[in-house]
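Structure first, commentary second.
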Amino acid sequence: MAFKFKGVDFIGFDALLSEEERMARDTARRFVEDNVVPIIEECNREGRFPRELIKPMGELGFFGANLHGYGCAGMSNVEYGLVTQEFERGDSGLRSFVSVQSSLVMYPIYTFGTDAQKDQWLPAMATGEKLGCFGLTEPDFGSNPGGMRTRARRDGDDYILNGEKMWITSGSIADVAVIWAKVADENDRIRGFLVETDRPGFRAFDVHGKWSLRASVTSGLSMSDLRIPASNLLPGTGGLKSPLMCLNQARYGIGWGAIGAAMSCYDTALQYSLLRKQFRDSPIASHQLVQEKLVWMISEITKAQLLSLQVGRLKDSGKVAPEHISMAKRNNVAMAVECARLARDILGGAGITDDYPVMRHMMNLESVKTYEGTHDIHTLIIGQSITGIPAY
Ligand SMILES: Cc1cc2nc3c(=O)[nH]c(=O)nc-3n(C[C@H](O)[C@H](O)[C@H](O)COP(=O)(O)OP(=O)(O)OC[C@H]3O[C@@H](n4cnc5c(N)ncnc54)[C@H](O)[C@@H]3O)c2cc1C
C-alpha cells in the first residue's frame, strides 16, 4: 500500500528551475510513476532487471540525455540531473543502469572516440537498441583503480586483452564494454578499449546473493587472450584521468539521484505518519519526536537540492571542479542513507516490508555509498582540494 508521491519542495525550489528543466523532470516523474513504481517491488523481490523499460526509456530520450547529436536529447546538465533524481526515486538500480549507459559508456565514446566509433555506437545506444557497461574495478583494485592488472598488448593490427573486472553494472547484458587496461607497449599507460561482448575470450558472470541493487545486473568480467582490432582503442584516452572524467559525469548524476531516493523515503514517512494512530487516537505525526525526524529529512533534502543545483549550474557553465561533484555525491548519498533509516523507523514494523519502498532504498543506497568513489574517498578528494595534501 505505497502512497502516491506528492513532490518535495519546501522553499520554492521549483522557482529556481527553468520551464525546460521542470518539463524534463516532470516527464521523468510521470514515466517513473506510470512504469517503474507499479513493478519495481516485484523486480526487487525477484532480483530481476526490468528490461522491458529500456525501449520506452530510449524513446523518451533518457539515454545520453546531456549529449548533443547522434539522436541524443541534448539536455542541459541540470535537466539531466533532475531526470536521474526521478529515476532514483523509482529505484537506484534503474538509475544505475541509466548512469552507466549514459555517463560511463556513451560519454567516453562521445569524448574519446573516433567519428566511426561514435557513428557505430551512439545512435544505437541512445535508443537502447545497444547496451553498454564500464569495466574499471577489478577484484583486487576498487578505490585505487590505478593498481589495475588488466593488460592490453599490441599484436600487429590488433590488441590482445587479459584480465578480470568485478562489480560491473550491466556486464552480462551489454553489447559493448568500455574496458580500461594498461598498455604494455606504452609504459603501462591506462587506455580505454571498446570490446564487443560476443568476442571469443570474453566472459561475463553475474553476482548473485545481493541484498542491494537487486533490480540491476552486476557482473564480473573475464578477458582471456581477447583479440580486438586496434581500431577499437578509444584514441582520446590516456592515463587514469580518462576513466576519472567518466566517473565525474556519473557521480554528478548520483548526487541528484540520491535526492530522489531520499524524497521517496521522506514522502512515504510523512504520509504514513499522518495516517498511523497510536496514543489518544492521534496520528504519530502529532508527536514531537516524529516531527523532529521529518524536519531533519526535509531540511537535509532541501540543502541537497540547492547543492546539486549549484553544482549543475557550474557544470553547465563549464566551471565545475571534481571536488564540487565529490561534495554533492558524498553529502547527498549520506543524507539519503540517513533519511531511509529515519523513514524506516517512522514506519515501525511496516517499514521492513516491501509494501513500502523505504527498506529497498535503504539497501540500494548502501551500494550507492560505495560505488563511484566511496564516501571516504570523496572525503579525501575534498580534503586534498582544501588543504593541498593528498591523504589517500
Ligand atoms: C552494485 C555495484 C555496482 C558497481 N558498478 C561498477 C561498474 O559498473 N563499473 C566499475 O568499474 N565498478 C563498479 N563498482 C565498483 C565500485 O566502484 C567499487 O566497489 C568501489 O570503487 C570500492 O571498491 P572496493 O569495493 O574494492 O572497496 P575497497 O577499495 O577495497 O574499499 C574498502 C573500504 O576501504 C576504504 N578505503 C580504501 N582506501 C582508503 C583510503 N586511502 N583511506 C581511507 N579509506 C580507504 C573504502 O572507503 C572502503 O570503506 C560497483 C560496485 C557495486 C557495489
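If you place +1 on the Cβ of every Lys and Arg, -1 on the Cβ of every Asp and Glu, and leave all else neutral, what size is the dipole of the chain about its Cα centre, to the nearest 20 Debye?
Working: 43 positive and 47 negative charges, 133 e Å.
So the magnitude is around 640 debye.
Is the shape of segment 197-343 rounded, prolate or oblate, going by the alpha carbon gyration tensor and its root eigenvalues a ≥ b ≥ c, with a/c under 1.5 for rounded and a/b larger than b/c for prolate?
Taking the square roots of the gyration eigenvalues as a ≥ b ≥ c, segment 197-343 is oblate.
For the charge dipole of segment 216-352, defined by +1 on Lys and Arg C-beta atoms and -1 on Asp and Glu C-beta atoms about the Cα centroid, which residue among 308, 283, 296 has the Cα displaced farthest towards the positive pole?
Positive-end residue among those listed: 308.
Excluding residue 144 itself, calculate the net charge of residues whose Cβ lies under 14 Å from the Cβ of residue 144, where each Lys or Arg counts +1 and each Asp or Glu counts -1.
-1
Tell me the net charge near residue 270. Cut-off is 12 Å between Cβ atoms, residue 270 excluded, with +1 for each Lys or Arg and -1 for each Asp or Glu.
+2
Could you work out how far helix 241-275 tilts from the main Cα principal axis of the chain, as a 0 to 90 degree angle to the nearest 10?
20
On full extension of the chain, what length is gained from residue 185 through residue 282, given 0.36 nm per residue of separation minus the C-alpha to C-alpha distance?
That pair, residue 185 and residue 282, stretches by 27.7 nm at full extension.
Can you run the Rg to Rh ratio on the chain? Use alpha carbon positions and the Kirkwood inverse-distance Rh.
0.99
If each residue of separation counts as 0.36 nm, what is the full-extension length gain between residue 19 and residue 151 once their alpha-carbon separation is subtracted? Don't skip to the end; give the middle numbers.
Working: separation 132, 0.36 × 132 = 47.52 nm, distance 4.80 nm.
Contour length minus the Cα-Cα distance gives 42.7 nm.
Going by Cα centres, segment 293-326 and segment 121-145 are how many Å apart?
The two parts, judged by their Cα centres, are 26 Å apart.
Rank-order 252-259, 206-213 by packing density, defined as the average count of other C-beta atoms within 10 Å over each peptide's residues, highest first.
My ranking of the peptides, most packed first, is 252-259, 206-213.
Along the positive direction of the dipole of the chain (beta-carbon charges: Lys, Arg +1; Asp, Glu -1; about the Cα centre), which of 167, 343, 23 reaches farthest?
Positive-end residue among those listed: 343.
Would you be so kind as to identify which of 37, 273, 389 lies farthest towards the positive end of the dipole of the chain, taking Lys and Arg as +1 and Asp and Glu as -1 on Cβ and the Cα centre as origin?
Farthest towards the positive pole: 389.
What does the extension gain come out to for residue 205 and residue 384, with contour length at 0.36 nm per residue minus their alpha carbon separation?
Result: 60.7 nm gained on full extension.
Work out Dmax and Rg for segment 1-156 from the C-alpha atoms and quote the Rg first, both in angstrom.
Every Cα atom of segment 1-156 included, Rg and Dmax give 17.8, 62 Å.
Give, rounded to the nearest 20 debye, the magnitude of the charge dipole that segment 1-106 has about its Cα centre when Lys and Arg contribute +1 at Cβ and Asp and Glu contribute -1 at Cβ.
With only Lys, Arg, Asp and Glu charged at Cβ, the dipole is about 220 debye.
Rounded to the nearest 500 deg cm²/dmol, what is the calculated helix-only ellipticity per residue at 222 nm for the chain, with -39500 (n - 2.57) per DSSP H run of length n ≥ 4?
That comes out to -15500 deg cm²/dmol.
Rule-based calculations on the coordinates, nothing more; no lab input. It should be emphasised that the depicted structure is a prediction, and the values quoted were computed from it without experimental measurement. Heads up, the Cβs are rebuilt from the backbone with ideal geometry, glycines too, and the neighbour counts pull from every protein chain shown.
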